[in-house]
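Before any comments, here is the structure.
The values are calculated or read from the model by the stated rules, or taken from the named source; none is laboratory data. Quick caveat: nothing in here was measured; it's all calculated off a predicted structure. No Cβ is skipped: glycine too gets one built from the backbone with ideal geometry, and neighbour counts run over all protein chains shown. Accessible surface areas use protein heavy atoms only, side chains included; no ligands, DNA or RNA. Shrake-Rupley method; radii C 1.70, N 1.55, O 1.52, S 1.80 Å.
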2 protein chains.
Amino acid sequence: MKTITSQFIDEIKTSATSIGIDERTEATKGIIDFVATAFASAHNPSIQKLITALIKEHGSGESMIVGYNETLTASDAALVNGYILHYLDYDDVHSDLRGHASSIILPSLLSFCQNKSFQFQHFLDSYIIGIEVAARIGRTIGSNHYESGWHSSSTIGALAATMACAYLLDLDNDTCANALGITITTTSGLRAQFGTDVKPLHIGLAAQKAYNAIMLSQDNTIVGNKDLLPTFYEVYSQHQNVPSALFELNNGQLAIIQPGLWFKLYPCCSANYHAIDATKSLLEKHSITTQNIRKINVIFPPNGDAALTFKHPTNGLEGRFSVEYVIAKLIKNRQLTIHDFSDVPIEQSIATIMLNIERHYDGLITPSENALPTGRFTIVEIILNSQQKYRMRINAPKGSPNAPLNQNELLEKLKQYAPWQARHIEDLKTIKNTEDFKLYIKPGGRK
Amino acid sequence: MKTITSQFIDEIKTSATSIGIDERTEATKGIIDFVATAFASAHNPSIQKLITALIKEHGSGESMIVGYNETLTASDAALVNGYILHYLDYDDVHSDLRGHASSIILPSLLSFCQNKSFQFQHFLDSYIIGIEVAARIGRTIGSNHYESGWHSSSTIGALAATMACAYLLDLDNDTCANALGITITTTSGLRAQFGTDVKPLHIGLAAQKAYNAIMLSQDNTIVGNKDLLPTFYEVYSQHQNVPSALFELNNGQLAIIQPGLWFKLYPCCSANYHAIDATKSLLEKHSITTQNIRKINVIFPPNGDAALTFKHPTNGLEGRFSVEYVIAKLIKNRQLTIHDFSDVPIEQSIATIMLNIERHYDGLITPSENALPTGRFTIVEIILNSQQKYRMRINAPKGSPNAPLNQNELLEKLKQYAPWQARHIEDLKTIKNTEDFKLYIKPGGRK
């Protein structure tokens, strides 16, 4: 009889037959966002420091790092590319997972493309498979997993990336099950590290674990327990059995479509996004200035601002997790840029605006059916000195799957950080293999 | 105010002042057993396969592997040395931890001795510190940790090794706390992998995690949460607070002395050891042969044989976890050797003896105060065709801290696998630094 893990691998392989043009179009958007997000972190001294330390330890391998000239061993490249992708918290989100999956899946896939070229469509399909695994486990593991302290992107993401790589390499069921068993017994990452550079390190380590688990499973280098999926549910979320929903498609559609990826327009916590959209909309419609504001109320559902831990941030890094900060910055500058979220002290004028912003909670307001995440909304209410009151409610912010970016809006993000890639974006649709794709991750693009 | 983690680091550093000649003598025994155990795994094709795979991935570094000629990067050497040490389940045990600590601590320490020499006494002291940390966390984490599925050697061992390396390198409190935070957020290892080669892999990975956590903490390469010890207790064992006993010495003595290390005389599960001693003793005293035995009863306290999962093993590897197998082998051959526990099918004559062996459980027998592990005993009862009945009870087997090996008995183990090292064992007491110690881990010893 087949084990649970073996059944799941078969099921996921079967689900690949549902991949069509729509799924690949969405995956291509994910790739564009991946390139934009990675290049947004180019020339970062902290990332450079990690690269230097790893070269000192393990030497310069031959594997590319997105946006950097150095090369690393394949396993270290998976680590650094994951670290880069999540460094600014600017990478895409999948709400089923309650976190980030692309920034783990894509670096581990890339590490297998260094010495071997794959059809680009097969690479895209492997990515779609990874998202599917992340979403299914995310949907079925239960809130207990995240709430008991696990960084779900890191834990579940490593499993998703393992399956994506196994699909890329066309591993047999047995080898894939062995690799999943190694990933599961090595998966980790605690939420207590949020707000530090260990958070993006988790993402890199998860990509590296997937790479290593596959590497150790090839040629039966290390043979372990090939049915560890039930243990993952048991130990990491106190499930007695693997939920049967793990074996089902979401509403009959693959997770890359339903609900789809959430692309970020600003390098800050997505829990700020509703308030950002509301504030931008009010500023566009009404004559609001720093001088004529008396007070700003921000209304959430109870606990809707749990991730926004800084009411009084002292620098841009803390500002990533502060609704007061993003609103004040918008009021003063009418825009948010990557520089607003860097490690510089907050200027006095912004601190002054923040003093007039107050958080409120209202459990009586019914969330919209369209809300994303489910049950969430944010209302921004600006009261002028004249007593004039303006109010805006956002249920699903721009970038989320329920208010998705169109191709042009996504390209705007790419243009900011990777202009060569943005100019050659049409070619991306016609490339044949992963060798061609490597041009898109080289600093400066084509030579 | 100092954090819990920072207090613990201070406390452990203070406990180092209790290290004296007795502690160092015990630690030296641990080193002798480490060398013997590692060399017992030399020329193993499975280990060779892992070494080859890692060289292919990350190149040949400069770090030594005990008993092998190849060298690896320091981080991979920590992994492989850990793997080697636990490959045969022949490495020492610390009952406070419910597992193995030396085989994680020593490989990670060694990886830091490749480009730098340390005073050998300081190396010993760092090892003693590692054992102290493993034992204190082991004593206070609660049985829930192991029982909910964690491989405690792997999880706790990584923390112990991190602290040992921090002591070796004389890191400041802050850097040590950062490294512990990285180790805690990466620690893992599930008991569901027991009985496979992933079990020794856990040990290697734990040593590697400790090495990497320190490496990433030096020069502030990655700065994270520096008070993660409370989260470790919370997430990995559902503790609400760190138990105050973590800050106390065991009966006023360091754990290397009280209870001390348990050295293994046979490469099999230590739960077999009581029965092995009982059987050997009966065979020595009485005229017992394969031909004149009618039946053998083995009596445990209820659940005392939980680790001995094979009643009908088919090969020597499974035989490691079979009381029937070790008794049958002893009756036939009067001794147990390393070859008895390798991957070869069990011969018919042994299978025939095993058929006459029966397990029984008796909850009414009072365990001895001297029992090790606490509450354990095994009685072997041999009934001859003549109706003559011989019976022997063992509470604390030979090798355990309550029936410790003397120096000569330990040297017997070393002689079997590392004759050069055994011949030069007296010199080990006089070596000055870790450069000199490296001779003891070279294949063949001194050139």
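Observations on the model:
- Carbon plus sulfur fraction of accessible area for chain B, probe 1.4 Å, in percent: 48
- Cα-projected label distance for residue A:303 with residue B:144, points at 7 Å along beta-carbon direction, nm: 2.0
- Residue of B:105, B:431, B:84 that the Gaussian network model of chain B assigns the largest fluctuation, springs spanning Cα pairs under 10 Å: B:431
- Label distances, nm, residue A:344 versus same residue in remaining copies, Cβ-directed 7 Å point: 7.3
- For segment A:2-8, 3J(HN,Hα) per residue [Karplus equation, 6.51 cos²θ - 1.76 cosθ + 1.60, θ = phi - 60°, Hz, x = Gly/Pro]: 6, 7, 4, 4, 5, 4, 5
- Residue B:251/residue B:429 FRET efficiency (R0 25 Å; Cβ-Cβ; nearest 0.05): 0.35
- Residue A:433 long-range amide H proximity, modeled H, under 5 Å: A:120
- Rounded if a/c under 1.5, otherwise prolate or oblate - segment A:42-96, Cα gyration tensor axes: prolate
- Buried area at the B-A interface (accessible, heavy atoms, 1.4 Å probe, summed, Å²): 3600
- Whole-number percent relative contact order across segment B:222-325, with pairs defined as alpha carbons under 8 Å at least 6 apart: 21
- Alpha-carbon Rg with Dmax, taken over segment B:121-199, Å: 13.5, 40
- Accessible surface calculations at 1.4 Å, restricted to protein heavy atoms, place segment B:316-447 at 51 Å² per residue.
- Annotation: Cα Rg of segment A:219-331 relative to the compact-globule expectation 2.2 N^0.38 Å equals 1.66.
- Remark: relative contact order (chain A) = 19 percent; criterion is Cα-Cα distance under 8 angstrom and separation of 6 or more residues.
- For segment B:133-205 and segment B:40-111, distance of Cα centres in Å: 16
- Separation of segment A:277-293 and segment B:378-447, taken as the distance between their Cα centroids, equals 79 angstrom.
- Among beta bridges that DSSP assigns inside chain B, antiparallel share in %, nearest 5: 75
- Convex hull volume per residue, computed on the Cα atoms of segment A:1-78, equals 149 Å³.
- Entry comment: accessible area of segment B:57-121 is 25 Å² per residue, from protein heavy atoms only and a probe of 1.4 Å.
- 5 angstrom amide H check on residue A:295, placed H, neighbours 5+ away: A:383
- Delta accessible area of at least 40 Å² on complex formation, residues of segment A:178-196, 1.4 Å probe, chain isolated as reference: A:185, A:186, A:188, A:190, A:192, A:193
- Rounded if a/c under 1.5, otherwise prolate or oblate - segment A:270-394, Cα gyration tensor axes: oblate
- Whether segment B:336-404 is rounded, prolate or oblate, judged on the alpha carbon gyration tensor where a/c under 1.5 counts as rounded: oblate
- By the Kirkwood approach, averaging reciprocal distances over each pair of separate Cα atoms, chain A gets a hydrodynamic radius of 22.4 Å.
- Under a Gaussian network description of chain B, with springs only between Cα atoms under 10 Å, the residue in B:253, B:388, B:48 that fluctuates furthest is B:388.
- Top of A:184, A:129, A:425 by mean-square fluctuation, Gaussian network on chain A, Cα under 10 Å: A:425
- Residues with amide H under 5 Å from that of residue B:396, placed H, sequence gap 5 or more: B:372
- Comparing the full protein assembly with the isolated chain (1.4 Å probe, heavy atoms, ligands and nucleic acids excluded), the residues of segment B:232-254 losing at least 20 square angstrom of accessible area are B:235, B:236, B:238.
- For segment A:153-166, 3J(HN,Hα) computed residue by residue from phi via the Karplus equation (6.51, -1.76, 1.60; θ = phi - 60°) reads 4, 5, 6, 6, x, 5, 5, 4, 5, 4, 5, 4, 5, 4 Hz, glycine and proline entered as x.
- Rounded to the nearest 500, the helix-only mean residue ellipticity at 222 nm of the protein assembly as shown stands at -15000 deg cm²/dmol, with each DSSP H run of n ≥ 4 adding -39,500 (n - 2.57).
- Cross-link pairs beyond the 31 Å C-alpha cut-off, checked among A:311/B:226; A:56/B:264; A:429/B:49: A:56/B:264; A:429/B:49
- HN-Hα J in Hz across segment B:16-23 - Karplus 6.51, -1.76, 1.60, θ = phi - 60°, x for Gly and Pro: 5, 5, 7, 6, x, 5, 5, 4
- Distance in nm between pseudo-label sites at residue A:286 and residue B:344 (7 Å out along the Cβ direction from Cα): 8.7
- Solvent-accessible surface of segment B:131-193, averaged per residue with a 1.4 angstrom probe and all protein chains in place: 18 square angstrom.
- Considering only the Cα atoms of the protein assembly as shown, their convex hull presents on average a projected area of 39.3 nm².
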